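**Student:** Encoded as structure tokens, here's the structure I'll be asking about.
The values are calculated or read from the model by the stated rules, or taken from the named source; none is laboratory data. It should be emphasised that the depicted structure is a prediction, and the values quoted were computed from it without experimental measurement. Note that we place each Cβ from the backbone using ideal geometry, even for glycine, and neighbour counts take in every protein chain shown. The area values use the complete protein model at the heavy-atom level, side chains included, leaving out ligands, DNA and RNA. Shrake-Rupley method; radii C 1.70, N 1.55, O 1.52, S 1.80 Å.
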Amino acid sequence: MATPVQSFACAALLALGAALASGAPAQPGTTAQPGIAAQPGATAPSDQASHWPGRPVTLVVPYPPGGTSDIVGRQLADRLREELGQTIVVENKAGAATAIGATAVAHAAKDGHTLLLSAGSTFTVIPHLNDKLQYKLDDFAPVAPVCTAPFAFVVRKDFPARDLREFVAYAKAHPGKVNNATNGQGSLVHLLGELVATGLGVQLTQVHYKGAMPASMDLIGGIVDSNTEALTNAVPNINAGQYRALAVLSAEREPLLPQVPTFKELGYPQIVGETWYAVFAPAGTPRPVLDKLGAAIRKITGSARFGAAMRKVGNQAQTGTPEQLRELTLQQSRRWEGLIRQHGIKAE
């Protein structure tokens, strides 16, 4: 079963009562706001929902094909096609740490036919590293969370330390000599690597790659020593003996790696982190359309079928409201901003 959305600190999310797209003027074909006369020819709310989607819907995934986000996007698109009776086209629009895809959706037509499958970093990390972004959170209407993607801290298969205690001892005896791979400077994996180093009280040298695949390949090849890797990629390699997991960053043990302890179990409760995926629409999309879309996504993510599909690749299906999704985004934005400032992290 899917579980309610939680923050990294596992705090209960606070519901926001205000409409997420408030303040946007009513457009022809949308519901007029309170105190604003409906425009001639405006479509009633029930008609807006019943006529949407009137053509194929594009779900923009701001990453290349083949990764965790692409897998999640295509699973969701298949189910949405069944629920909505309309073609859902997955469009990979990668680049600029998700900014290219996010910007395209922010400026798309506000009719519900162009959506964004966002990773949390699109709104919680990148805005703190790039002050020239052409989008902001207020350009979007949060619709619904889809899933979370947990991480494992892994080391090359011949690394001298056999467990986390030995890793800490080794790293302290060799400060700066342990090379930790990241998916790129300023990426969430980079921040998680800094979170691990800070939490363990060790000095790691962060080695930045252009994506998860080259980082993983160099870990397998023994060129780097460690990595904080999403379970989607890590589990097959761990099971194949390509490298070893010392701990997971989840609040609880992961079913796909039941033998691997959490950092919390090992005495480091502050080392908890994950990413998440959620659907956002351009701000100003008619509320009846958002409600219909949100209801369809929550039905999917709350189903046993989707939950099983996500667990199979190491993810956890999540359900939640637009208000909970917005609050989660704001909470994690504050958290990562603090870490970015603490370490003076800059974008590439």
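**Student:** Which shape class, rounded, prolate or oblate, goes with the stretch 266-338 when its Cα gyration tensor gives a ≥ b ≥ c as root eigenvalues, a/c under 1.5 marks rounded, and past that a/b bigger than b/c marks prolate?
**Tutor:** oblate
**Student:** Same structure again: Ignoring ligands, DNA and RNA, please state the percent of accessible area on the chain from carbon and sulfur, probe 1.4 Å.
**Tutor:** 54
**Student:** Still on this structure: Using the Kirkwood radius over C-alpha pairs as Rh, can you work out the diffusion coefficient of the stretch 77-182 via Stokes-Einstein at 4 °C, viscosity 1.567 mPa s, in µm² per second?
**Tutor:** Answer, rounded: 73 µm²/s.
**Student:** Express in Å², to the nearest 10, the accessible area of D291 obtained by rolling a 1.4 Å probe over the protein heavy atoms while all chains stay in place.
**Tutor:** Here the residue's solvent-accessible area equals roughly 80 Å².
**Student:** Using a ≥ b ≥ c from the Cα gyration tensor of the stretch 190-348 (square roots of the eigenvalues), is it rounded, prolate or oblate, where a/c under 1.5 gives rounded and otherwise the larger of a/b and b/c decides, a/b for prolate?
**Tutor:** It is prolate, given that a/c is not under 1.5 and a/b is the larger ratio.
**Student:** Related question: Could you sort out which of K177/K264; K132/K210; K264/K292 sit more than 30 Å apart by Cα distance in this structure?
**Tutor:** K264/K292
**Student:** If you count the DSSP beta bridges with both ends in the chain, what percent of them are antiparallel, to the nearest 5?
**Tutor:** 60
**Student:** Rg/Rh for the stretch 110-172 to two decimals, with Rh computed the Kirkwood way over all alpha-carbon pairs.
**Tutor:** 1.22
**Student:** Ok, one more. How big is the C-alpha Rg of the stretch 85-128 next to the rule-of-thumb value 2.2 N^0.38 Å, as a ratio?
**Tutor:** That ratio works out to 1.23.
**Student:** Just T321, T198, T262 to compare: in a GNM of the chain, with alpha carbon springs under 10 Å, which one fluctuates most?
**Tutor:** T198
**Student:** Separate question: D for the chain, whole µm²/s, Stokes-Einstein with Kirkwood Rh over alpha-carbon pairs at 4 °C and 1.567 mPa s: what number?
**Tutor:** After rounding, the answer is 62 µm²/s.
**Student:** Are there GluC sites (Glu not before Pro) in the stretch 214-321 that DSSP marks as loop and that have at most 14 other Cβ atoms within 10 Å, and which are they?
**Tutor:** E252, E265
**Student:** Given points 7 Å out from each Cα along the Cα-Cβ axis, report the I220 to Q203 separation in nanometres with one decimal.
**Tutor:** Using points 7 Å along Cα→Cβ, the separation is 3.3 nm.
**Student:** Also, quick follow-up: Could you work out the helix-only [θ] at 222 nm for the chain, with each DSSP H run of four or more residues adding -39,500 (n - 2.57) and the total divided by the number of residues, to the nearest 500 deg cm²/dmol?
**Tutor:** The helix-only estimate for the chain comes to -11000 deg cm²/dmol at 222 nm.
**Student:** Next question. Leaving out ligands and nucleic acids, note down the accessible area per residue over the chain with a 1.4 angstrom probe, in whole Å².
**Tutor:** 43
**Student:** Using a ≥ b ≥ c from the Cα gyration tensor of the stretch 172-229 (square roots of the eigenvalues), is it rounded, prolate or oblate, where a/c under 1.5 gives rounded and otherwise the larger of a/b and b/c decides, a/b for prolate?
**Tutor:** oblate
**Student:** Next up: Normalised by the number of residues in the stretch 237-348, what is the relative contact order in percent for Cα pairs under 8 Å and 6+ residues apart?
**Tutor:** Computed value for the stretch 237-348: 14 percent relative contact order.
**Student:** Just need the relative contact order of the chain here, percent rounded to a whole number, with Cα pairs under 8 Å and 6+ apart.
**Tutor:** 28
**Student:** If you don't mind, there's one more thing I want to ask. Which value, in debye to the nearest 20, describes the size of the charge dipole of the stretch 101-160 about its Cα centre when Lys and Arg Cβ atoms bear +1, Asp and Glu Cβ atoms bear -1, and nothing else is charged?
**Tutor:** Dipole size: approximately 200 debye.
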